[in-house]
Amino acid sequence: MPARTSRSARTSAVVSHKGSVGSFGLNPRASTASRASSSIANLEIPAETPSNALRAQVATVFREAQRTTASHRKLAVTLRKIQETCCYEPTTTTAAKKSADFDFDEDDFNVEFVRCVLRVMPVKKSEGVGEKTIRFIGLFLRHSVDKDNEVMGEADHDASTMPETPSTRLTTHLMETILPLLTAKDKFVRYRSTQLISHIINSLDAIDDDLFQKLRSGLLKRIRDKEAMVRTQAVLGLGRLAGNQIEAEPNSEDSDDGSAAVGLLDKLLEVLQNDPSADVRRSLLVNLPILPTTLPFLLERARDQDAPTRRAVYSRLLPALGDFRHLSLSMREKLLRWGLRDRDENVRKAAGRLFRERWIEDCAGTPPPAEAGQPVEVSPPTIDALLELLERIDVVNSGVENGVALEAMRGFWEGRPDYREAITFDDNFWETLSAESVFVARSFNEFCRNESNGKYEALIEEKLPEVTKVAFYLERYIKVLVDAIKRADEMEAEDDEDEDGDTVEQEFIVEQLLHIALTLDYSDEVGRRKMFALLRQTLSIPELPDEVTKLTVNVLRDLCAPDAAGEREFCSIVLEAVADVHDTIVDDIPADDGDADESFHSAKSEVSSDSTPTKSGRNKSPELSEEEAARKAVREIMINMKCLHIVQCMLSNVAGNLQQNDHLVSMLNNLVVPAVRSHEAPVRERGLVCLGLCSLLDRSLAEENLTLFMHFFSKGHTALQITALHILTDILNVHGAQLLSSNPALLKVYIKALRSAAKAPEVQSAATVAVSKLLLGRVVSDHDVAAELLKTLVIAYFEPASSGNQSVRQALNYFLPVFCYSRAENQDLLRCVALDALHTLYNVREGLDDDDADVEDEMVSLSTIGACLIDWTDPRKCFSPLGVSVDAAKHVNSDVHLDFAKDIIERLEGNLSKEEKKIIAALLGKLYVSPVSSEEKTRDVYADVCDAVDTQLLADATSRNSLYKIHVSLGKIVNNLDAGQEAGAAAASQFRRSISRGTSLGPEDKTIVPMEDKTAVILTEADIKEEDEEEEGDSLADGTVIHRADEEDSLVDDLLSDDGEL
């Protein structure tokens, strides 16, 4: 179709990159025909020209486009035909005749098109027509550019130039008209103009270079706009510009263009990290180009504070990334852990879906979808793909306790029934176990046993072997593990890393088999005996790793009966294994039999003996070189450590009384107590843990050793102090807090630990969690002790010394509201210590002021602290077991805040500084007082407040206003109480008058009517006259009572006009 000569007489065929295009001049006079909107005054629209046929057609298309998006494509074709009529010469006679009647050129079409576009700019964000119109504009421009390219045919596209067509001229004219609107005063004009520009940028494939720079500059200014909706649209366009700029010149030698692209990306990444709006961050997350430089910042959004943004990482970013194997191993594990353990359920679901639907398909070799958003073609289940997936997430490290692999596989088995049905565990599978395959079996076993209330237990019977077979497989892999450990010890001098890796994998295989053994049904006596004998023998192996030892002891406990006899049998078996371990190691020491006997005796030495193990036999042993003596000493430490670890695992599975179990008493005297007295620190610390576990089984033993545990806390290092705190807290939880009341030094231990923020923040964290559990579990019953602990926790929460200890802040951020809102007694306890804690924090803040420190960064303001204390003691937020409704919550008992007010007034009457008085007095205005509080307490506090007002207790205006506020509120309630008492007295008097008149009737004035089982008394006419007189009096009295009730209600309504807040 030959191009029609336009009235604008354009002669250029291409637009140079250096050429400038003048911007469209805007008439300062606003259009009077625009819609009546407050934002239209800020939008300058060109002066209206006389109406014509072209305007009617273009306006009709835009009007239809606002209704629904379903007709947009058809309307775009219609508008394109109008554009072709204006821009191109007709090719047929019929078209020529129509063109003669429709004599408009390209400039006329562009003016009318832009005129309609400008009408969209003031439309509010909530109006759907704005979104539809902008989508239509982008669709039309894309369609128009495609049609113009078809008309031009096979033109020679130079890399530095862009062919000029009616569509490119229209786009340039439109963009340069909209660009000035980016800086409009009205936020909706800025929003719509930014939205239109970003949408067009994302709709078109190419833009003129000069226009590109103008758009880039204009949008960059909008990323700092005060409106989040404007910034969101700006980053949508800039993300596309940044991606195209880098793709167009990946190896460009032009330093200016390269630096511009990098500078744009840096600015967008800074917005991604720091913009306060979640919508802006989420828009950048899904629109920024995925590059090696941007990928870490994009994946960082998996820890964003906004849940939908975190979800977008797993549902949009990572699927668009392609093969997950391009990520590093640590990043895969982090993303999986963050997603599956997210606090938001939708994020957890998205992460689980990514693992079982996308990552497994990457390992199966399924090609990615042709278009983004399309579902991935599901490949048939293959065990190789599943094993590779587990290998890619490093199941040896992520499959241990607290690892994420087990959670991932739980969701995998639940969401992939095809794999659940297709998986088989034949003999070949068990004979060639690897770390990945054994984890598949373990996760499948736990899923089938624990999920859906045994719905899948039939699969266990069908696919997993019986107990006897599992025991034989376990025996085989334990032997492989022991051999690998011995080879690793022999090659330790050669630093053979491959052998160490094989040992780790074999240990992991045995651990997973033991996890399976923990869940087996041992009703089969043959299998139970086989497993019992195997584990008894395994526990005597000195080289057995600690985790395998722990699991072995746990399985042995399940094999024994759950009663007291089974517990004694379990203890005897474990202690026999401890003796076997000791004998085996001692046999390896080159010494005569007497020396061996003495060495074993030292492990069971008397409590009063202060010698270390094996010292008594050194006189009989031959002279050893220094190196051999050192090796022997290390070996002996390993003996005791191994024995104590087995004992520790055993004690963790024992719940009976210590004194009733002879095996435990013998173990305590012969192994644990000597270990606690050992001069070797590792042995002594592990012995302390065992002694703590023994103390949980016997109260008298716990009381005897409290001083010892406190001594370890006072003199030990950080790790030992934490261990001592854990032991003491467990003892209090098991044996009751009476030990805390009877041992004042124990309270000092906790207070000292809570105040150790500067010296040992880890100790403060452990103490905070421990004390929180004691208070929340109501273990500490003594009021004074609980008050002291709670006061220390409140101070630790706000003081600047704990600002860097996030574990303390996080624990208290949960504990303090939950503790206070759970019981009214807890709120009253906090009320008792609130002012003392506030006074201490005031002194702390004053100390910061003296040092000229940045107080706001170090510590929150005291008014904020006071607001928190008021909020935590708010009786309306306290949990009610009766399920009080929202309306009833406005009239709850506020005795706790009345007591708070009394405490505040007493404190204000004391000797306080002017600044502290001002802080405390401000709390009076925030207290909640209710008309349903106890009358005596309400009147008492009101009297105190009146005295404070009369004596002018407070000097500054702000404090007096707070005092007047509670004075007025309490005054209304007291007046209502007085009015209620007067009304009640009047009603009682009237009732007595009615009774006296009724009883004054004589027998002749009454009519007796017999009934079935009753006798009715009917008054005569004389009585009716008397009643008429009474009704007159009653009406007056009743009217007075009703009036007073209404007055009472109105006062209460006035009092609670602000939702009950004062």
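The values are calculated or read from the model by the stated rules, or taken from the named source; none is laboratory data. These numbers come from a predicted model, not from an experiment. Virtual Cβ from ideal backbone geometry, glycine too; neighbours counted across all protein chains shown. Calculation scope for accessible area: heavy atoms of the full protein, side chains included, ligands and nucleic acids excluded. Shrake-Rupley method; radii C 1.70, N 1.55, O 1.52, S 1.80 Å.
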Within region 370-379, identify whether any single residue is open to solvent by less than 30 Å² (accessible area, probe 1.4 Å) and not in a loop (DSSP other than H, G, I, E, B), and answer yes or no.
-> no
Flagged pairs (Cβ under 9 angstrom, 6 or more apart or on separate chains; first in region 60-78, within 16 Å of LYS147 (Cβ to Cβ) and assigned to a helix (DSSP H, G or I); second among the aromatic types (Phe, Trp, Tyr) and open to solvent by 60 Å² or more (accessible area, probe 1.4 Å)) are none
Could you say whether any residue in region 507-527 is more than 26 Å from ASP427 (Cβ to Cβ) and open to solvent by 50 Å² or more (accessible area, probe 1.4 Å)?
-> no
Among the numbered conditions (1) under 28 Å from ASN743 (Cα atoms); (2) of a type in the set (A, V, I, L, M, F, W, C); (3) not in a helix (DSSP H, G or I), tell me where VAL860 comes up short.
-> (1)
So which pairs qualify, if the first residue must be in region 110-126 and without any contact (Cβ under 8 Å) to a residue 12 or more places away in the chain, the second must be part of a loop (DSSP other than H, G, I, E, B), the Cβ gap must be under 7 Å, and the two must be at least 6 apart or on different chains?
-> none
Between a first residue in region 784-804 that is under 14 Å from SER765 (Cα atoms) and aromatic (Phe, Trp, Tyr) and a second residue that is open to solvent by 40 Å² or more (accessible area, probe 1.4 Å) and assigned to a helix (DSSP H, G or I), which pairs have beta carbons less than 8 Å apart while being 6 or more apart in sequence or on different chains?
-> TYR797/ARG809; TYR797/ASN813
Tell me, please, whether a residue that is basic (Lys, Arg) and touching a helix residue (DSSP H, G or I) at 6+ places or on another chain (Cβ under 7 Å) can be found in region 111-118.
-> no
Subset of region 316-351 [within 19 Å of LEU386 (Cα to Cα), surrounded by fewer than 16 Cβ atoms within 10 Å (Cβ to Cβ) and among the aliphatic types (A, V, I, L, M)] | LEU329
Which of the residues belonging to region 215-258 are modelled with pLDDT of 90 or more and open to solvent by 70 Å² or more (accessible area, probe 1.4 Å)?
-> LYS221, ARG224, LYS226
Is it true that some residue in region 595-602 is open to solvent by 20 Å² or more (accessible area, probe 1.4 Å), of a type in the set (A, V, I, L, M), at pLDDT 90 or above and part of a helix (DSSP H, G or I)?
-> no
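Would you confirm whether or not region 352-362 contains a residue that is outside any helix (DSSP H, G or I) and either open to solvent by 10 Å² or more (accessible area, probe 1.4 Å) or closer than 23 Å to LEU295 by Cα (or both)?
No - not one qualifying residue is present in region 352-362.
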Residues being within 20 Å of GLN506 (Cβ to Cβ) and among the charged types (D, E, K, R) - total across region 381-415 = 3
Inspect all residues belonging to region 817-828 and state whether any of them is over 30 Å from VAL892 (Cβ atoms) and either outside any helix (DSSP H, G or I) or out of contact with any Gly (no Cβ under 6 Å at 6 or more places or on another chain) (or both).
-> no
Which residues, counting only those in region 295-315, are of a type in the set (Lys, Arg) and open to solvent by less than 70 Å² (accessible area, probe 1.4 Å)?
-> ARG301, ARG310
Read through the list (1) surrounded by fewer than 19 Cβ atoms within 10 Å (Cβ to Cβ); (2) at pLDDT 90 or above; (3) in contact with a Lys or Arg (Cβ under 8 Å, 6 or more places away or on another chain), then give the number of the only condition that GLU915 fails.
-> (3)
Are any residues in region 955-973 open to solvent by 10 Å² or more (accessible area, probe 1.4 Å) and either over 20 Å from ARG831 (Cβ atoms) or touching an Asp or Glu at 6+ places or on another chain (Cβ under 8 Å) (or both), and if so, which ones?
-> ALA955, ASP956, ALA957, THR958, ARG960, ASN961, TYR964, HIS967, VAL968, LYS972
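For every residue, the table says whether it meets (1) among the β-branched types (Val, Ile, Thr); (2) under 17 Å from GLY339 (Cβ atoms).
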| residue | (1), (2) |
| --- | --- |
| VAL396 | yes, no |
| GLY411 | no, yes |
| PHE425 | no, no |
| TRP430 | no, no |
| SER434 | no, no |
Hits in region 422-441 - residues which are in a helix (DSSP H, G or I) and surrounded by fewer than 11 Cβ atoms within 10 Å (Cβ to Cβ) | ASP427, ASN428, GLU431
Just give me the residues in region 877-894 being surrounded by fewer than 20 Cβ atoms within 10 Å (Cβ to Cβ), modelled with pLDDT of 85 or more and more than 25 Å from the chain's Cα centre (by Cα), in sequence order.
-> ASN893
Grab the helices (runs of 4 or more DSSP H) fully contained in region 644-720, keeping just those with 2 or more residues being more than 28 Å from VAL548 (Cα to Cα) and open to solvent by less than 20 Å² (accessible area, probe 1.4 Å).
-> 699-715
Note: among LEU835, LEU830, just one is of a type outside the set (Ser, Thr, Tyr) and within 17 Å of CYS878 (Cα to Cα), namely LEU830
Within region 295-328, count every residue that is more than 13 Å from the chain's Cα centre (by Cα), charged (D, E, K, R) and part of a helix (DSSP H, G or I).
-> 4
Note on region 222-241: residues closer than 15 Å to LEU196 by Cα and of a type in the set (Val, Ile, Thr) are VAL230, THR232, VAL235
So is LYS187 closer than 30 Å to LEU285 by Cβ, open to solvent by 30 Å² or more (accessible area, probe 1.4 Å) and under 37 Å from the mean Cα position of the chain (by Cα) or not?
-> yes
